[in-house]
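In what follows, a structure is listed as structure tokens, so that the remarks can point back to it.
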Amino acid sequence: MSEFITEAKRTHYCGSLNAEDAHKQVVLMGWVHRRRDLGGLIFVDLRDREGTVQIVFDPEGGPRAHALAHSIRNEFVLAIKGRVNLRPAEMVNASLKTGEIEIIAEEMEILNEANTPPFVLDGETDVSENLLLKYRYLDLRRRKIQKNIMLRSKVTAETRSYLEKEGFIDIETPFLAKSTPEGARDYLVPSRVNPGTFYALPQSPQIFKQLLMVSGFDRYYQIVKCFRDEDLRADRQPEFTQIDMELSFISEDDIIGIIEGMMAHIFDACLDRKVQTPFPRLTYREAINRYGRDNPDRRFALEIADLTDIAGQSDFRVFSEAAQKGGSIKAITIEDGKAFSRKDLDGLGEIVSPYGAKGVAWVRVGEEGWSGSVSKFFNNEAINQVHEKTGARPGALILFVADTSPAVVSASLGALRLYLGNRMGLIDSDKLSFTWITEFPMFEYSETEGRYMATHHPFTSPVLEDLPMLETDPGAVRARAYDLVLNGSEIGGGSIRIHKSDVQSMIFKALGLEKEEVRTKFGFFLDALQYGTPPHGGIAFGLDRLIMIMAGAESIRDVIAFPKTLKATCLMSEAPSEVSTGQLDELHLNIK
RNA sequence: GGGGUCGUAGUUAAGUCGGUUAUAACGCCGGCCUGUCACGCCGGAGGCCGUGGGUUCGAGUCCCAUCGACCCCGCCA
């Protein structure tokens, strides 16, 4: 067997060759993507990270290589020395990037053999995720995932270059940190040298980055792993990556401007897509009223109308009761009601029921008036008022949701709106729709905790003019917080922080945290605020979600090289796993 | 914590009302083939029907439990 390759250097990537390379002598290394053995003539599609190219083995061009080529199988690793041949016109494969050329193999070496893979790597077959995750290293050979991972690298590189240019300093913060109350469940790490104590893996570097502002670094950023021990979703992993930043002496508008520039730069540099700035802004209240949620997908309209005042007067008990008990009645109007059959309408209840709504009431708007389940409860005057508010015209369909809880109505219609947008094909997947959501409420009342909780986090600055309401009506206090929403996903969020220790203490008090608890958990931080803390604020982006949208991926797992399952396990390495009693002893741990 | 979808050759799926030897495609193995590119043609091997229990003369199919993957609600400051 010829061992020429051990001496030779690779000259090109398979996928980067084209007609301009014609007649060149090349050395390629890659995996056998597919072979077509015609007996006297053998074709192999050789694959590397840049793509595939056709290798031709014929007895004339390379007798030894041709003889050896009969034995190769899928996923073998080959080194090929050959000549780039311009294909005759009738043999050009237009569906292949390298389809104008092929490589006539003069020498070939099998660098390694391979077992038959447990699934075909052609990207055509839908393989169960179970198997893909177990053999993730093979899944990662597939073009689709490989492209996503390479896009991710490009995005982080462009992010760094933009932020460095803007004067940001990359500073690492600890992974072994202190467990904090509030927020998500922590991943804990036992300390061997301090028996009975634990570190927590950070949910975000929040406190550290604020301390860096106290230290005077002025502009900080980090592309950093964060950890949250909560139940997972299609867009949530237990460990995920944030683009994290913090700035001193700035206002909301400064941060928003920098981020808009960053997004424009990333999309231009990575996807060659121009992004229109500035991005539109919506207050939280407006987002909930018009779209039912604080992460509205504004690639389509289909807005929600508030009909509480009108429908609340009707004789329909569900409506009148909702209105009387502080709830609301809201509706979405569909212009072309014919697209929905009676059966379709009956099915809508399933869309809203997970959000607590009892059902969806509907009427069809005709030339002569209304028909449908609740039409008889509305008189002509009410009908005209509804038409005015919803813009409904003959042929339209009005879908109502009513509940004694306004939050249930909003969440239900928010979900219904998305369902309808999808079903009616209103969502243009090529569109990029950025929106800032501002003026979040500072606190939300938690039924389970029986107290107010920070909507964003407890270091967020309240809007100053709302401060007097801190004790009288905490739910009405607005925060100087902002989220960036892209195509219905929250991709980032941040706030102007509290930089005065007395205000910070007031917030802890409003959150119902005991003085001693605050002292134990945040004492060092409150101290720091008293040593000349500049006004500051920041933002953090979910890198994984951003890449998902940029790549058009349906799952966060498609943009992470080694993701975990919904139960936070790794099917490939089988983490987490049990450890030896010796290890437990060292850590002073007993397992129940 | 709650609700849902799924689990049958290596892979993806079909499997009727519970009834003979569990199908197909792709992949795999062998043979033929000098212009294929999802090559083609001929032949072949390959099954713990996720696991455990139950009902039944008889279970891939019905019931219960359990494991796993996925989706949603809660949760995720």
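The values are calculated or read from the model by the stated rules, or taken from the named source; none is laboratory data. None of the values given here were measured: they were computed from a predicted structure. Cβ atoms come from the backbone with ideal geometry, glycine included; neighbour counts cover every protein chain shown. What goes into the accessible areas is simple: the full protein's heavy atoms, side chains included, and nothing from ligands, DNA or RNA. Shrake-Rupley method; radii C 1.70, N 1.55, O 1.52, S 1.80 Å.
Using only DSSP helix segments of four residues or longer, with each worth -39500 (n - 2.57), what per-residue ellipticity at 222 nm results for chain A after dividing by its residue count and rounding to 500?
-8500 deg cm²/dmol
How many angstrom lie between the Cα centre of the range A:417-434 and the Cα centre of the range A:5-83?
That distance is 44 Å.
On the full set of protein chains, 1.4 Å probe, figure out the accessible area of residue A:274 and give it in Å² to the nearest 10.
Estimated to the nearest 10 Å², residue A:274 gives 150 Å².
For the range A:213-228, just list the computed ³J(HN,Hα) in residue order, Karplus coefficients 6.51, -1.76 and 1.60, θ = phi - 60°, integers in Hz, with x standing in for Gly and Pro.
5, 4, 6, x, 6, 6, 9, 10, 8, 7, 9, 9, 6, 10, 9, 9
At q = 0.08, 0.11, 0.12 Å⁻¹, work out log10 I(q)/I(0) for chain A with the Debye formula, treating every Cα as an identical point scatterer and leaving solvent out; two decimals please.
-0.77, -1.15, -1.24
Sort A:591, A:351 by accessible area with a 1.4 Å probe, largest first.
Reading off the accessible areas and sorting them downward yields A:591, A:351.
Return the long-range amide H neighbours of residue A:497 (sequence gap of 5 or more, or a different chain), with a cut-off of under 5 Å between placed amide H atoms.
Here the answer is A:461, A:536, A:537, A:538, since their amide H atoms fall under 5 Å of that of residue A:497.
What's log10 of I(q)/I(0) for the range A:201-260 at q = 0.17, 0.19, 0.23, 0.24 Å⁻¹, Debye sum over Cα points only, no solvent?
The Cα Debye sum returns log10 ratios of -0.68, -0.79, -0.96, -0.99.
At a 1.4 Å probe radius, carbon and sulfur cover how many percent of the accessible area of chain A?
49 percent
Write down the Kirkwood hydrodynamic radius of the range A:1-73, to one decimal in angstroms, obtained as one divided by the mean of 1/r over all alpha carbon pairs.
Kirkwood hydrodynamic radius for the range A:1-73: 13.0 Å.
So for the range A:246-348, Kirkwood radius off the Cα pairs, Stokes-Einstein at 25 °C and 0.890 mPa s: how many µm² s⁻¹?
138 µm²/s
From the phi of every residue in the range A:367-381, what ³J(HN,Hα) in whole Hz does the Karplus formula 6.51 cos²θ - 1.76 cosθ + 1.60 yield, where θ is phi - 60° and glycine or proline is x?
Along the range A:367-381, the couplings run 4, 9, x, 9, 9, x, 3, 10, 4, 5, 8, 10, 8, 4, 5 Hz.
Net charge near residue A:535, counting Lys/Arg +1 and Asp/Glu -1 over other residues with Cβ under 10 Å of its Cβ?
Taking every Cβ under 10 Å from that of residue A:535, the sum is +2.
Through the Karplus equation 6.51 cos²θ - 1.76 cosθ + 1.60, θ set to phi - 60°, convert the phi angles of the range A:405-417 into ³J(HN,Hα) values in whole Hz; use x for Gly and Pro.
Whole-Hz 3J(HN,Hα) from phi for the range A:405-417: 9, x, 5, 5, 4, 4, 4, 5, 5, x, 6, 4, 4.
Taking amide H atoms as placed 1.01 Å from N in the peptide plane, list the residues 5 or more away in sequence, or in a different chain, whose amide H sits under 5 Å from that of residue A:187.
A:201, A:229
Using the C-alpha atoms of the range A:467-592, what convex hull volume per residue, in cubic angstrom, is computed?
Looking at the range A:467-592, the number lands at 226 Å³ per residue.
Accessible area of residue A:244, 1.4 Å probe, to the nearest 10 Å²?
Rounded to the nearest 10, the figure is 0 Å².
Tell me, what is the per residue accessible area of chain A in Å², probe radius 1.4 Å?
Per-residue accessible area for chain A comes out at 50 Å².
Please work out the Cα center distance from the range A:461-489 to the range A:142-166, rounded to the nearest Å.
About 33 Å separates the Cα centre of the range A:461-489 from the one of the range A:142-166.
Could you tell me the convex hull volume per residue, in Å³, taken over the Cα atoms of the range A:482-553?
Convex hull volume per residue, Cα atoms: 125 Å³.
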